[in-house]
Amino acid sequence: MRDTDRSAFANFDGLPSAAGVRLPVVSALFAISPATVWRWCKSGHLPQPTRIGRVTLWNVGELRVRLKMGTLPVVEAKESRN
């Protein structure tokens, strides 16, 4: 994680709602892998990010709403092929 991402994670509560954070911060906030962040975005469990140039950012205000909801997606076990 970059120093700017560490700082954003450590000071997340102090960031303005209009601020944006990168993938490593979102991953750390929800304690999930980067791949799971993308899966949750695709399934609607996390808000869609915004691209600014080559940088992908998630809105802090939208992430706070998700964190306050406290609901995590139900993971369904895949049926094994025996």
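The values are calculated or read from the model by the stated rules, or taken from the named source; none is laboratory data. As the structure is a prediction and not an experimental result, all values here were calculated from the model. Methodologically, a virtual Cβ is constructed for each residue, glycine included, from the backbone with ideal geometry; neighbour enumeration extends over all protein chains shown.
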Kindly provide the set of residues from the range 47-74 that are modelled with pLDDT of 95 or more, more than 16 Å from SER17 (Cα to Cα) and assigned to a loop (DSSP other than H, G, I, E, B), ordered by number.
GLY53, ARG54
Of all residues in the range 1-15, how many are closer than 12 Å to LEU63 by Cα and outside any helix (DSSP H, G or I)?
1
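Would you pick out the residues in the range 18-73 that are charged (D, E, K, R) and touching a residue at least 40 places away in the same chain (Cβ under 8 Å)? Explain how you work it out, then say what you get.
Keep residues of the range 18-73 that are charged (D, E, K, R), which gives 22, 39, 42, 51, 54, 62, 64, 66, 68.
The answer is ARG64, and nothing else.
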Of ALA77, ALA35, ALA18, ALA28, which residue is outside any helix (DSSP H, G or I), modelled with pLDDT of 85 or more and among the aliphatic types (A, V, I, L, M)?
ALA18
